[in-house]
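Let me begin by presenting the structure, written as structure tokens, before commenting on it.
The values are calculated or read from the model by the stated rules, or taken from the named source; none is laboratory data. Since we're looking at a predicted model, the values are computed, not measured. Here the Cβ is made from the backbone with ideal geometry for all residues, glycine too, and neighbour counts use every protein chain on show.
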């Protein structure tokens, strides 16, 4: 007897085969193409397993059919049994037809799979994709090379720009320092003495002309005028241009104070000067301290203006009962009357008075121990002699100087 009609085993295989056979016509594109191949490969494995089972079932079915036919011949005399048996035989024959149809579909699917494999290996689209991938890889390498070259070029350009900016900044700093520190420095000279002075900003008068004042040390003017009692004696003054030019002028003494070692002169020149020291405010002067960087600018030994860099060494140094600032910027004979400037702001903060001497019988000059009259004392003195309006006067507006010699 049969335990289970074979017709119930076949529809699963048949449906799978029909799905595979009917689905290919609707696929398009390389992605679907590969998907179809995967499905067929999976179907191949399942189909092979199914085929083995089907063959086993077929053998069992054929064996059963043979047995039934023999039984039919034997029982042919019994009509009722014969009708039932032949009905069962008809069912088995239909199942065999379905079974053969399933095997045919599986064989067709296997043939399609093999054909697809062959097409996949030789498909022009596959070759085109490989060529495209190669071109893209080559293009990317070239692009990477161009990017690296561009980055290197950009870095070189950036370095060049930085170099040019630094050079421009140095040139601007040089121009600024010359305008603020060197330009206002003048030489005051006589037959037996020489010193320095600092021009203040030009000030317009009611007639449209200009007053041009300068500060210096009193002992410089005193030594130039000598023993003369005539304090109206003109004082020779040399102005220096950015291009190395010089202008010889005369100045007259307006006020002086031996205790402060300060003198105020006015040039015999009523045109506006393009240079003039910026004067530090009283508040700024109150903040001056030890270690503050400064420039000492003067005309030592009769030279053109020379700047030296140093610091404030002391803000309370007494000599002969008088209080000075001490600086360590190198200074020499002829620096007297020159300016001491804030190294950052370029503002005038003091007037150089004298070089520190050591010893009595044969004094030794110590160039890095210079004594300075603070501008606070100069302001107080100017206030007392009617020139307080000059204290803290702004610097003349910078004007582009000519090329250096």
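Can you tell me which condition residue 274 does not meet? The list is (1) closer than 18 Å to residue 370 by Cα; (2) in contact with a helix residue (DSSP H, G or I) (Cβ under 9 Å, 6 or more places away or on another chain); (3) part of a loop (DSSP other than H, G, I, E, B), and all the others hold.
(1)
Restricting to segment 324-342, name every residue that is within 14 Å of residue 373 (Cα to Cα), in a loop (DSSP other than H, G, I, E, B) and under 43 Å from the mean Cα position of the chain (by Cα).
Residue satisfying the conditions is 338 alone.
As an exercise: evaluate residue 171 against (1) more than 29 Å from residue 379 (Cβ to Cβ); (2) modelled with pLDDT of 90 or more and give the number of the one condition it does not meet.
Going through (1) more than 29 Å from residue 379 (Cβ to Cβ); (2) modelled with pLDDT of 90 or more one by one, residue 171 breaks only (2).
Go through 235, 290, 260 for me and flag whichever is closer than 24 Å to residue 332 by Cα and crowded, with 23+ Cβ neighbours inside 10 Å. Give the steps one after another, and end with the answer.
Details: 290 fails: crowded, with 23+ Cβ neighbours inside 10 Å; 260 fails: crowded, with 23+ Cβ neighbours inside 10 Å.
None of the other options fit; the residue is 235.
Before we move on, is residue 167 within 32 Å of the chain's Cα centre (by Cα) and under 30 Å from residue 214 (Cβ atoms)?
Values: within 32 Å of the chain's Cα centre (by Cα): yes; under 30 Å from residue 214 (Cβ atoms): no.
When the stated conditions are applied, residue 167 does not pass them.
Looking at 259, 304, 243, can you tell me which residue is under 16 Å from residue 372 (Cβ atoms), touching a residue at least 60 places away in the same chain (Cβ under 8 Å) and in a loop (DSSP other than H, G, I, E, B)? Spell out how you get there, then give the answer.
Numbers: 304 fails: under 16 Å from residue 372 (Cβ atoms); 243 fails: under 16 Å from residue 372 (Cβ atoms).
Matching residue, one of 259, 304, 243: 259.
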